[in-house]
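Let me begin by presenting the structure, written as structure tokens, before commenting on it.
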Amino acid sequence: HWTLLSVSLLNCLLSTACSVGLVLAIALTIRSQGMHLVMGCNSSALPADTRAAIVTNDCPFNTTRIYDTALALWFPSMALAAAEAVLSGRCCLVALIFRGIGPCARSYGKEQV
């Protein structure tokens, strides 16, 4: 029970931190219209809108679709990390009930779980 409690609590904290980090990354990317994603290119040929960016020799990657691709991958990742945090929190609650700790431990009982 203690192993379930400690592992689920650690996973809940890590998943929550991952969700917060992804929300922050999405917000900063949308606010800057994707310019932070191509800062490593150091090219003055890049236009203000990264959706219209062209492939240059100064950039080590194709900048054409980086803005859309990053957002398309980050939104599902954020949703999955949030779901993982919720499920880990529920596992932590179950471990607390098994140990007889918490508000639901006495009334719920182990037989309900």
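Values in this text are rule-based calculations from the coordinates and carry no lab data. Everything quoted here is computed from the prediction, not taken from an experiment. Glycine gets a Cβ as well: all are built from the backbone with ideal geometry, and neighbour counts include every protein chain shown.
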What FRET efficiency, computed as 1/(1 + (r/R0)^6) with R0 = 25 Å and r the Cβ-Cβ distance, is obtained for Phe98 and Ala17, rounded to the nearest 0.05? 0.45
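By how many nm would the segment from Leu87 to Leu10 lengthen if fully extended, with 0.36 nm per residue of separation less the alpha-carbon distance?
26.5 nm
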